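Here's the structure, in structure tokens; my notes come after.
The values are calculated or read from the model by the stated rules, or taken from the named source; none is laboratory data. Computed from a predicted model, the values in this text were never measured in an experiment. Cβ coordinates were reconstructed from backbone atoms using ideal geometry, including for glycine residues, and neighbour counts include every protein chain displayed. Protein only, heavy atoms only, side chains kept; ligands, DNA and RNA dropped before computing areas. Shrake-Rupley method; radii C 1.70, N 1.55, O 1.52, S 1.80 Å.
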Amino acid sequence: MTTLPGLSLSAPQESLPQVPVSRTQDLPAGSEYRFEVPFSRSLGVKLLSGTAELFGTELAPHTKDPYTFSGIKAAIYTWHGCRLELSGETESEYTAEETQMMSYANAHFALENVRERAKASGQMGPRVLVVGPENAGKTSVVRILTAYAVKAGRQPVVVNLDPRQGMLSVPGSLTATTFASIVDVEEGWGSSPISGPSPVPVKMPLVYHYGLASPEEGKTFRPLVTRMALAVTSRLEEDAEAKTAGCIIDTPGAISHGKGGVYENIQHIISEFSVNVLLVLGSERLYSDMSRKFSNSPSEEPVSVIKLDKSGGCVDRDEPYMKQLRQSQIRAYFFGHGVNTLSPHTHWEDYSSVHIFKIVEEAKNTNRSFLPGDDDDGFASTTIYERVQPSPMIQNSLLAVTNADPNDKQEAIRDSSIMGYVYVADVEESKHKIRLLAPLSGRVPPHAMVLGSFPEDVADLVG
Amino acid sequence: MSFALPSAEVAADFKDALQDLKINSRPEISNLTIIAKENTEHAQAISRELENHIRSTRPEWKLPALYVLDSIVKNVGTPYTVYLGRNLYRTFMDAYTLMDMPTRKAMEGLLKTWKQPVPESMDTRPVFPSEVTRDIENALIKYRTVAIQQQALSQKQALHAVPARPMPATPWRNTPTPPQSTSRYTPSNDPRVRQAIPQQYGAQIPPTSTPPAQFPPGTNFQDRGASIDLDKLNSDIEKLISSARSEWALNPSDTGIQQKLKALFDLQTILKHQQLPPEQIRQIQDQVIQLSPAPAPSAPTSTSVPNSIPSFPSVLQQSATPVQPSSTPFSLSQFLAQNLPQQQPSSTPVSLPQILRQSVTPAQGSSTPVPAPPVYRPSVQPAPTPSNPPSLAQLLQQFGPAATPAAPTPVPAPPPPMSLAQLFSQPTATANPAGGADWLLNALRSQNLLGANNGTSVPPAPAPMSVSSIFPSTDPVDRSWSSSVRIENDVELTTASITKKSRPNLIAKLYEALPNQCATCGRRFETSAKGKEMKTRHMDWHFKVKDPDAAKRGVHRSWYINEREWIEFREQDDAAPAQASNGASDASGMLGVAKKETKDQYIHVPTDAALVHAPCPICQEKFEPQWLVDANDFVWMDAIKVNDKIYHATCWEEYSRGGGVGGGGGRNTPDSVLGKRKAEVSTNGLFKKTRAD
Ligand SMILES: Nc1ncnc2c1ncn2[C@@H]1O[C@H](COP(=O)(O)OP(=O)(O)OP(=O)(O)O)[C@@H](O)[C@H]1O
Ligand SMILES: [Mg+2]
Ligand SMILES: [Zn+2]
Ligand SMILES: [Zn+2]
């Protein structure tokens, strides 16, 4: 296992010193500056004139400090033309005149029309599901739609069902968040709450732990979707602002593969979230399958199935990059990001006071037949988790602290949203003690903690 | 309980002391600073007193008063920086425009130090937030640019041997000799002004020596539709100006030409110093084309560039071809108004006044309004007061032909024209967003140079092409907003509608409709009163979250909220009006706990200075502000407001129960909220108890 430099408690990684080389980049209206910055470097961007946005969120005009990007592949688009000042190094960069922004913006305006009507009639706004193969730009489109909705004064609930990349939490989690404030430009979706003021408003995610890499492998994905859909629907019903705006759901590419033309997970998400707008990105075949299946099903509310082209800027992200991305998300959970440094805490616990439930993986459990949402069915509780004692085996792994009691039924543990994560920094087998890195001081409540195989262990998070 | 003096009394004392301050006297200034320091609970009242004094005192006494302000913000700091920062733009600019050059220089010196941290202080923040000082700087640049323009104009006039302007029969202000009436005009004659420009730009430029924020010529605004060439546009306007000037030289008594010239100058200034959205630029471009004499039918319209605008006839040609019968008063706005309908059939018409209004808001962020939008009203029309700044209009009047009622107006009955001034004098005074060139435009408006009050040519009633048809004057506040958002959104939820048709005009809903941008984070606001209010609160919020000590205090990530809390959580917009934050009302969005426990009640830290420093009347302990994520604000925990007094909620509870029940015991513990999750908050059975307590 590789060690990430700078991942230590005493010296959280600071952004690299600015390379003094700075240059200006003029972008004509309707073009975008695409760039990739590895984790080892950083790029500073200032907007000198004109307007510019990163995945829908506008850059502030001539700020004192530049926006700083590291470990990112992204594009800065301009509707009106702009001049940027760039400093630092990229791995690759170019300007593209051909983008999909007009379509994506149109998609936003189409949703705005639905929202207007929903508002007028007191109905719920659009429930939008974004599907498509890996790296088709789904997450980018969700960000653009979210940013534009926020700009239009909406408060959409944004749902991330892709465990491979966290949204306001670590990878392995699934989240739902109402966005009412500006989406962070530098750091993906921004930050969940911290104990002090934050220069960019924090977001309030509702977090569940999935703990596996793909929704296709486990048996907890669909029950979790059911559970999240209930929570989201309740919020939409009760929160007038969110209700008008509706929700936008991001998904992993895996559910769009459609083994043998079957899309069980998509079907499940559509019915649980009452999806009525389906955006299909970058795949003719998927679009045709989706239209056939959902656009004119007579029984239920019709789903508008819309095909969007993949942006030419989308880049495939290889496994080493994804892994670095995961580790940086985990690091940011405990230590913060950029100048917003956080101070987590470590402390020792007795073995007896931690209650660890390890997810039983598919291979060990051949029973695949379950019904969606069957929370309290006849399955033996032991099929979801096995209880494990702390041991050196779990060192460097991440535990999800649920809101459930260790004595609750396993389904209750599965369905529980989580309080957060702790990291197993050390295990003293001889003393039966375990050292946990927790986001804040004080004892971790004695709730059930879930251990999955994903994300993988992070070595040396604590020095 | 010791009761402090009421604010009014302290403020009155402070005011008295201020009245005596007539020179830059160290002891007096430090005495005033001490009063301020010892009475921070009355900071608001004191700040208001100081602002009033600076505004109303004689010009030569303003500088010492500004030194008092400077001393207080540097030596006492908050909360004065907050209160004085809100109106600093106005306080500063009001005074600046009345000062002579040396005093202005001194004020610029002050401003410079406000952009830096207090010398030898631990606090690394500038004295005032940069948003505040930047606005003033921007305004100064504009102010001087106008002065230079006038200087250039007057030189040209001299060259053209324009007959000397007769001394106006009445002074331009009808006040008795103002203290500094002569020095007022120095900007246009003072050669230093010219040097000040590059210098000032240098000061505005961020450390990296970037060029002044403007759209790079040529690279921008090349939208898919008509191409926009700013350089071309500027030179076209330049040509129009010089032709209008020659025209004027021939007919110095023609107020119409004068008006046109004025309008063109305004346009030029705006183009130079504001970043307008391309759509508006395009419209200006169109109007400018209209303004120039129509080229001959065989004019080279068949150039190779399909969308390029027709080239202009030479200046000579132009001056030989009066744009309109010279006797007809004429204004750009008139042209704009006339051309509106056919120019923009599909999208909202944009007129110059509208552009002016929008552009004074930093549409693209070239300047930023200050937190509390200063409403610059130099004077009431009929009786200008000494606080009148010299305006472009006044400067123009200096060398323009007398535009007095006495001037002969040989117009037979011209179609009632609309002048800029007329448009300006619409109820825009309140509609105008603050910042940028606002003060200048207001000054122009107040001077009514252009006919509204000075000419026989302007009828009292709106002209046929009615202004109010463009802007319903009933609600001046929402005009620019509503006009921009009324762009029709015809996108349907179909693949064809979304992907096959490009609708660049809809993008205006995301940009031009929200022209008032926060320079710190890029968030946009409407120019309506509501938008301005929101932005003010938003800027206050930015100010509050600038916390240099955060790192020291060991900020950590919080636990996530649980399902029930999340469902009941309502987002708090930092720009939204503060909620009824009384703990008892439970309207404050406190973590979705159905019934809050007494000690969890909180209120937002009051802004009223008297309340901020008052202890709990029951136990006499002071309240400690603490950051509450859920409120997105600093709050006092365990606090409740009853009859305008703030108590500890626990103290109040105990007191109101006659001291019976305790409950004021432990403070919040990190998971107390979770601990309260009880089965009974479940509404539909979904949220069963998942944790036994
Ligand atoms: N227009 C663009 N220019 C440059 N990079 C882009 C652009 N659009 C997307 N990207 C980048 O391409 C990568 C893939 O995009 P994105 O994450 O949106 O795809 P996805 O469909 O969500 O992928 P996954 O299936 O892995 O979740 C990301 O790193 C993203 O930042
Ligand atoms: Mg994705
Ligand atoms: Zn802001
Ligand atoms: Zn008390």
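Centre-to-centre, using Cα atoms only, the range B:563-578 and the range A:126-151 are separated by 23 Å.
Could you work out the mean count of beta carbons from other protein chains within 10 Å of each residue's beta carbon in A:105-118?
Details: counts 9, 12, 6, 6, 12, 8, 3, 4, 5, 2, 0, 1, 0, 0.
Shielding by partners across A:105-118 averages 5.
Annotation: aspartates and glutamates with alpha-carbon distance below 15 angstrom to B:Lys74 (same-chain offsets under eight excluded): B:Glu38, B:Glu120, B:Asp123. Think of a 1.4 Å ball rolled over the protein heavy atoms: the range B:36-97 then has 31 Å² of accessible area per residue. Per residue, the convex hull spanned by the Cα atoms of the range A:21-96 measures out at 74 cubic angstrom.
Using Cβ point charges alone (K and R +1, D and E -1), the dipole size of the range A:311-357 about the Cα centre works out to roughly 160 debye. The share of accessible area on the range B:1-137 that comes from carbon and sulfur is 52 percent, using a 1.4 angstrom probe. When the C-alpha to C-alpha distance is required to be over 29 Å, the pairs from A:Lys307/B:Lys532; A:Lys46/A:Lys119; A:Lys119/B:Lys546; B:Lys22/B:Lys105 that qualify are A:Lys307/B:Lys532; A:Lys46/A:Lys119; A:Lys119/B:Lys546.
Mind checking how much accessible area A and B bury in total, 1.4 Å probe, in Å² rounded to 100? Between A and B, the summed buried area is about 8000 Å².
Accessible area per residue for the range A:101-308 in Å², computed with a 1.4 Å probe and the full protein assembly in place, what is it?
Accessible surface, normalised per residue, equals 27 Å².
Roughly to the nearest percent, how much of the accessible area of the range A:112-154 is carbon and sulfur, given a 1.4 Å probe? Whole-percent figure for carbon plus sulfur exposure: 47. As a fraction of the 1.4 Å probe accessible area of the range A:21-96, surface on carbon and sulfur atoms comes out at 47 percent.
On average, how much accessible surface per residue is there in the range A:21-96, in Å², for a 1.4 Å probe, leaving out ligands, DNA and RNA?
Details: 2050 Å² over 76 residues.
Accessible surface, normalised per residue, equals 27 Å².
Remark: the range A:21-96 carries a charge dipole of roughly 100 debye about the Cα centre, counting +1 on each Lys and Arg Cβ and -1 on each Asp and Glu Cβ.
Please give the average number of partner chain Cβ atoms lying within 10 Å of the Cβ of each residue in B:502-509, rounded to a whole number.
Values: counts 5, 4, 6, 0, 6, 8, 1, 7.
Mean shielding count: 5.
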